[in-house]
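**Q** What follows is a single structure, and I will ask about it in a moment.
The values are calculated or read from the model by the stated rules, or taken from the named source; none is laboratory data. Nothing here was measured: the structure is a model prediction, and the numbers come from that model. Please note: Cβ atoms are built from the backbone with ideal geometry, for glycine as well, and neighbour counts cover all protein chains shown. Accessible surface is based on the protein model in full, side chains and every heavy atom, while ligands, DNA and RNA are left aside. Shrake-Rupley method; radii C 1.70, N 1.55, O 1.52, S 1.80 Å.
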Amino acid sequence: MISFTGYRIIIVSLVFWVIVFSTKNVCGQEKEQSKEQKGEFVIFYSDSLFSSDSIRFKIDKDAYETTESFFDTLKNRAKENYLINKLYNFLIINEKNNTSQNQRVDEYSTPFEQYSGKPIKHIYIRQLDVFGSSISDTALGTDQWYKEVGNWLHLPTHESIIKDNLLFSAGDTLDPSLLRDNARILRDLQYLQDARLIVQPSDRQSDSVDVVVITQDIWAKGFDVNLRSFNSGEIQLFDKNFLGFGHKIQTNVQFDYFKNSNPGIETYYNLSNIRGSFINGRLYYLNAFETQRYGLQFSRDFYSYRTRIAGGGKVYSTKTTKNIVQEDTTFNQVNLNYINHDMWMSYAFPLNWGDDFFRNRNRLIISARYRNDRFFEGPLITKRYNYRFHNNQMWLGKFSLSRENYYKSSLIYEFGRTEDIPVGDLISYTFGWEMDEFFRRFYSGLNIRHGEYINNFGYFSTEIGAGGFLSGNNVEQGMIRFQANYISKLLQTENMKLRQFFELGYSAGFNRFPEETLRLDKFRDIRGFSNDNLYGNKKLVFKSETVGFTNIYYYGFRLAFYGFCDLGFLGPSKKFIFKNPVHSGFGLGLRLRNENFVFNTFQIRLGYYPSLTHENSFLVNLSGEKTLKPMRYTPKPPQVIDF
């Protein structure tokens, strides 16, 4: 027997095809007319973070105009009947008017505001194919064979998983801010390429509304190869949407021909939003190069402005062998066997202050954390040496004032998909007690973070923090940190879109323990720069990068070129930072990415490093680059400022 849902699908399909065949002749005429005008068509995508910017992409004019004429005629015929028109609105979402004009979109306001407080009658889920149409233009089809094959092979996300990630239900009153948060949450899921929410009146007689949730999966299965040198590296195999449940499973094969137990295996299974609770979990196992590690963890973040409770916990056990420096500066091969316990919880109190942009988004957040590091086997330790191998317990608390909102943008960290860029403020005071096997100390630290969009200038964020342990009348393991980031507005040339990135970072430690030093990291500081003989207690790094996003588009792959200049100063705490030698890296590179796939961005980089030896001054790097994330203004679990 056919269920009611089955009858509904049959009826909707019949009505849709009646409309299609009734417009066949008209569409044919439009198609013939479009053939007379060959060339390209330009689509504009507004960059709402920098409201005067837009992104222009060229597509085939015939394909675009034929598709648009078909859906225009289809929509006009559907308007002749009220019921068919409602079915059309449910089945077809053609937003050409939003994508074919160079318009300004201000995401400080919201298109949902006019429906605020109205009851939600129905929620419809529409899932687009991985290849073909997009959230920005659902009218584009899959006319290439490889797209059809890819869509056929892809196992889509279960509709129930999408529903579990919704913050509202049928019967709720519509909250515009909550819908904005929900769209961001969906876009942030690792197995979705993009997502959008559309609100429309339910019917003429009712004051209720319907919400249409449109999502598009990415091709979730993939691999990556990271070569650390000619003899060592890692091969990653992963599925970020295992069986359509939104879980991630990954196995990494690690190899190093100069180490024992080659190759090694690392694997983990990530559970996303367990049963709609927004709790994420992970099961982890590693067995590689005389290291065994396994554990589990779970966490729940402040995913929405309405979230009141967040928390998490993890337990990891590790056995390994390492070369560890002793007090006489000699290296010893030491067996390590230890277990880490970590638990935290936070509660948010809403604060009714601030302007309209941060309305309902001001919060006082109180957090607590317990951490226990226990060593069963380790190196020789003293009160002030090999501190990281001490048996140590720490109780931390934190008070935070937080406010955060988002702009929508594009071509910042991604290659065209919608990006949510946070702005706001965060002031946090962290305090607590450390119970070490040698001493008891009180910790105190302050952190201030600010980010904003400056009109016709760009996105600017800054952070400053300081903290240390109080031991008697002295401050031990003190730390001062400052960081500033700038992202320019989108600059356009005829064939390229440009963004300029600047980053300034300063770190200084005082009264640190003997083995604690700062170094120039080849990933976070001067990219590609490696010199293990450089260390100090004070560091200043300046990074500049110019990225040019090209119009090159081939089978979904987009290409960007970039140039970089990184400078770093490193030295002792008592020496003025600019009196230390400058270390630098200059270079060019290209990045290749397809937003339909979960593969990391493929990168080729050529770098020149004047302060390195002649044989290391020119380096070529081929790697998969993970997508960067902007600075957030929601507090993390209480923690000591890292050195």
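**Q** If you plug each phi of segment 310-323 into the Karplus form 6.51 cos²θ - 1.76 cosθ + 1.60 with θ = phi - 60°, what whole-Hz ³J(HN,Hα) values come out, in order, with x for Gly and Pro?
**A** Running phi through 6.51 cos²θ - 1.76 cosθ + 1.60 with θ = phi - 60° gives 9, x, x, x, 7, 9, 9, 10, 9, 10, 7, 10, 9, 7 Hz.
**Q** Can you list which of the chymotrypsin sites (Phe, Trp or Tyr not before Pro) found in segment 431-498 are DSSP loop residues with at most 15 other C-beta atoms within 10 Å? Mind showing how you got there, number by number?
**A** Details: sites: Phe431, Trp433, Phe438, Phe439, Phe442, Tyr443, Tyr453, Phe457, Tyr459, Phe460, Phe469, Phe482, Tyr486; in loops: Phe438, Phe439, Phe457.
For chymotrypsin sites (Phe, Trp or Tyr not before Pro) across segment 431-498 that sit outside H, G, I, E and B with at most 15 neighbouring Cβ atoms in 10 Å, the list reads Phe438, Phe439, Phe457.
**Q** Give me the number: length gained by fully extending Ser169 to Ile480, i.e. 0.36 nm times residue separation minus the C-alpha to C-alpha distance, one decimal in nm. Could you put the intermediate results ahead of the total?
**A** On the way: separation 311, 0.36 × 311 = 111.96 nm, distance 4.64 nm.
Extra length from Ser169 to Ile480 when fully extended: 107.3 nm.
**Q** I've got another one for you. How many lysine pairs are close in segment 455-587, with Cα atoms under 19 Å apart and the two 8 or more places apart or on different chains?
**A** For segment 455-587, the number of qualifying lysine pairs is 11.
**Q** Considering only protein heavy atoms and a 1.4 Å probe, what is the carbon-and-sulfur percentage of the accessible area of segment 563-620?
**A** Working: 2080 of 3030 Å².
That share works out to 69 percent.
**Q** Separate question: How many Å² of accessible area per residue for segment 272-395, probe 1.4 Å? Could you put the intermediate results ahead of the total?
**A** Values: 7020 Å² over 124 residues.
Per residue, segment 272-395 has an accessible area of 57 Å².
**Q** What are the trypsin sites (Lys or Arg not before Pro) within segment 475-576 that DSSP puts in a loop, where the Cβ has at most 13 other Cβ atoms within 10 Å?
**A** On the way: sites: Arg481, Lys489, Lys497, Arg499, Arg512, Arg519, Lys522, Arg524, Arg527, Lys538, Lys539, Lys543, Arg558, Lys574, Lys575; in loops: Lys489, Arg512, Arg519, Lys522, Arg524, Arg527, Lys574, Lys575.
Sites meeting the loop and neighbour criteria: Arg524, Lys574, Lys575.
**Q** Name all residues of segment 399-419 having a backbone nitrogen under 16 Å from the label point set 7 Å from the Cα of Ile366 along its Cα→Cβ direction, giving them as ranges.
**A** Answer for segment 399-419: 399-402.
**Q** Mind giving me the FRET efficiency for Tyr554 and Asp188? R0 is 25 Å, r the Cβ-Cβ distance, nearest 0.05 is fine. Before the final figure, lay out the partial values.
**A** Numbers: r = 28 Å, r/R0 = 1.11.
After rounding to 0.05, the efficiency reads 0.35.
**Q** If you stretched the chain out fully between Leu155 and Glu113, how much longer would it get, using 0.36 nm times the residue separation minus the C-alpha to C-alpha distance?
**A** Taking 0.36 nm per residue and subtracting the Cα distance, the gain is 11.6 nm.
**Q** Determine the dipole magnitude for segment 166-255: charges of +1 sit on the beta-carbon of Lys and Arg, -1 on that of Asp and Glu, nothing else is charged, the reference point is the Cα centre, and the result goes in debye to the nearest 20. Could the numbers behind the result be given before it?
**A** Working: 9 positive and 12 negative charges, 75 e Å.
Dipole of segment 166-255, to the nearest 20 debye: 360 debye.
**Q** State in Å² the accessible area per residue of segment 442-531; use a 1.4 Å probe, count heavy atoms of protein chains only, and round to the nearest integer. Present the calculation step by step, with values, prior to reporting the outcome.
**A** Working: 4330 Å² over 90 residues.
Per-residue accessible area for segment 442-531 comes out at 48 Å².
**Q** For Thr613 and Tyr285, what is the calculated FRET efficiency with R₀ set at 25 Å and r taken between the beta-carbons, to the nearest 0.05?
**A** Working: r = 40 Å, r/R0 = 1.58.
According to the calculation, E is roughly 0.05.
**Q** Please find the FRET efficiency linking Leu567 to Gln205, where r is the Cβ-Cβ separation and R0 is fixed at 51 Å, and quote it to the nearest 0.05. Let's see the in-between values first.
**A** On the way: r = 67 Å, r/R0 = 1.31.
According to the calculation, E is roughly 0.15.
**Q** Assuming 0.36 nm per residue, please report the length gained on full extension of the stretch Phe502 to Arg519 beyond their Cα-Cα distance.
**A** 4.1 nm
**Q** Keeping every protein chain present and rolling a 1.4 Å probe, give me the accessible area per residue for segment 535-585 in Å².
**A** Values: 2500 Å² over 51 residues.
That works out to 49 Å² for each residue.
**Q** Which percent of the accessible area of segment 423-515 is formed by carbon and sulfur heavy atoms (probe 1.4 angstrom)?
**A** Values: 2630 of 4330 Å².
Here it works out to 61 percent.
**Q** Can I ask one more? Taking loop as defined by DSSP and a crowding limit of 16 other beta carbons within 10 Å, which trypsin sites (Lys or Arg not before Pro) in segment 165-247 fit?
**A** Values: sites: Arg180, Arg184, Arg187, Arg196, Arg204, Lys221, Arg228, Lys240; in loops: Arg204, Arg228.
Answer by residue number: Arg204, Arg228.
**Q** Between Ser317 and Arg275, how many nm apart are label points set 7 Å from Cα along the C-beta direction?
**A** Spacing of the two 7 Å Cα→Cβ label points: 2.7 nm.
**Q** At 20 °C and 1.002 mPa s, what whole-number value in µm²/s does Stokes-Einstein give for the translational diffusion of segment 168-247, with Rh from the Kirkwood sum over Cα pairs?
**A** Working: Rh = 15.8 Å.
Translational diffusion coefficient: 136 µm²/s.
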